[in-house]
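Here the structure is laid out as structure tokens; the discussion comes afterwards.
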Amino acid sequence: MITSGSTMLPPTSAQTEARLRALIAALELRIAALEALDALPPPGDDDDVLTLVSGEPAWVAPAAGAGWTVIVKPSNEIRNTTTTLANDTHLKFTMAANTVYAIRVHLFYTLENTGGNFKFGISGPSGATLVQTQRWDMPAGSSSDNAAAVESGYAWNRISSTGAPSSGGKIRMYIIVQNGANAGTFAVQWAQGTSDADDTIVYAGSTLEWVEA
């Protein structure tokens, strides 16, 4: 409405048309954006983030220093009758060459039988300049951590003490990696400490976080 003194005048037909055109243009922009998102292919890598490139939505690798990236394990994972360390199916990411990383791991697991216990470690690209891990483990059925320890490199592993079956155990690791010339996969690894037919399970909700310097 247009005010003339104390009188409210209705908008002119030209004003109404201009408003309608502006509304239609805004709706067309929203429709185009939704269509672009619908046509967007899936990310090429689990690490990719959604952003705008030249005004169009696109998946890109996160920029260095862009903040912590968090992987939350989406489902339980079961292993039995094996003492061979292997990468967790979900808790892993691709490291770039000549890049420095800070990494945090929170792992929650359970044992169907104390005979299996729990073995864990990490793996990463060869040729790193420095890999340092501070680790804590709380055995299944316990209410306190074992003493913290610092490990160097990727070649170590730890068997968490046997605990009560069907009780939760917890692993924490804080890690720094000064990666060398080789890109490759960093992964949390685990297995049974002693081969047992009963299941060892890492729970959904366990996390791996990392940030680049």
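Values in this text are rule-based calculations from the coordinates and carry no lab data. Note that the structure is a prediction, hence the values are computed from the model and not measured. We place every Cβ from the backbone using ideal geometry, glycine too, and count neighbours over all the protein chains shown.
Suppose each label sits 7 Å from its Cα in the direction of the beta carbon; what would the Val53-Ala204 distance come out to in nanometres?
It works out to 3.2 nm between the two label points.
Taking 0.36 nm per residue of sequence separation and subtracting the Cα-Cα distance, how much length would be gained by fully extending the chain between Ala25 and Ser126, in nm to one decimal?
30.9 nm
Can you give the extra length, in nm with one decimal, that the chain gains between Thr81 and Arg172 once fully stretched, where that is 0.36 nm per residue apart less the Cα-Cα distance?
Here the segment from Thr81 to Arg172 would lengthen by 30.3 nm.
Hey, what do the phi angles of the stretch 199-213 turn into as Karplus ³J(HN,Hα) couplings, whole Hz, using 6.51/-1.76/1.60 and θ = phi - 60°, x for Gly and Pro?
Each residue of the stretch 199-213 in turn: 6, 10, 10, 9, 7, 4, x, 4, 10, 10, 10, 8, 9, 8, 6 Hz.
For Asn113, enumerate residues with amide H under 5 Å from its amide H, sequence gap 5+ or separate chain, H modeled in the peptide plane.
Under 5 Å from the amide H of Asn113: Ser166.
Quick check: residue separation of Glu35 and Thr99 times 0.36 nm, minus the Cα distance between them. What number comes out in nm?
Length gained, Glu35 through Thr99: 19.4 nm.
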